[in-house]
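> Quick one: this structure, given as structure tokens, is what I'll be asking you about.
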Amino acid sequence: MNFGIELRRGQFEIALDGKAIGTIDNKETVEVSIDPGQHTLRIRHGRYSSRDRAFDVADGEVAEFRCHGVRYWPVWLASFAKSDLAIVLSSE
């Protein structure tokens, strides 16, 4: 049996290369134009955040990511001590 919970809901801050570039709400999609090259993406909600996600994007290419709060209680519990476990950021 699997048991899932959602740690955080609401508005998340989007940071690209260490700079805030906008926010995203639950079940929302955001499109942002960026220059080709290597970038780092991080999602934050209060003191909780995702881990940094490095990615490369070529000219005309689209990079897609999905984020959500932790869904499994052991990781949820660990996120109180290590806040970058609280939000999961994955590439599509």
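> Per residue, how many Å² of accessible area does the chain show with a 1.4 Å probe?
Ligands and nucleic acids excluded, the figure is 70 Å² per residue.
> Quick one: putting +1 on the C-beta of Lys and Arg, -1 on the C-beta of Asp and Glu, what dipole do you get for the chain around its Cα centre, in Debye to the nearest 20?
So the magnitude is around 700 debye.
> Considering only Ile34, Val57, Gly46, whose Cα is most displaced toward the positive end of the charge dipole of the chain, charges sitting on Cβ of Lys, Arg (+1) and Asp, Glu (-1)?
Sorting the options by dipole projection puts first Gly46.
> Let me ask something else. Going by the alpha-carbon gyration tensor, a ≥ b ≥ c the square roots of its eigenvalues, is the range 51-92 rounded (a/c under 1.5) or, if a/c is not under 1.5, prolate (a/b greater than b/c) versus oblate?
Details: a/c = 5.54, a/b = 2.68, b/c = 2.07.
Judged from the Cα gyration tensor, the range 51-92 comes out prolate (a/c at least 1.5, a/b above b/c).
> Write down the radius of gyration of the chain and its Dmax, each obtained from C-alpha positions, in Å.
Values for the chain (Cα only, Rg and Dmax): 13.8, 45 Å.
> If I stretch the segment between Leu77 and Glu31 completely, what's the gain in nm (0.36 nm per residue apart, minus their alpha carbon distance), one decimal?
Values: separation 46, 0.36 × 46 = 16.56 nm, distance 3.21 nm.
My answer for the length gained is 13.3 nm.
> Using a 1.4 Å probe on the protein heavy atoms only, what accessible surface does Leu77 show? Give it in Å² to the nearest 10.
100
> Here's another thing I want to ask about it. Just from its helices, what would the mean residue ellipticity at 222 nm be for the chain, if runs of 4 or more DSSP H residues each count -39500 (n - 2.57) and the sum is divided by every residue, rounded to the nearest 500 deg cm²/dmol?
Taken over the chain, the calculation gives -1500 deg cm²/dmol.
The values are calculated or read from the model by the stated rules, or taken from the named source; none is laboratory data. Predicted model, so just to flag it, every value in this text is computed and none were measured. No Cβ is skipped: glycine too gets one built from the backbone with ideal geometry, and neighbour counts run over all protein chains shown. Ligands, DNA and RNA are excluded from the accessible area calculation, which covers all protein heavy atoms including side chains. Shrake-Rupley method; radii C 1.70, N 1.55, O 1.52, S 1.80 Å.
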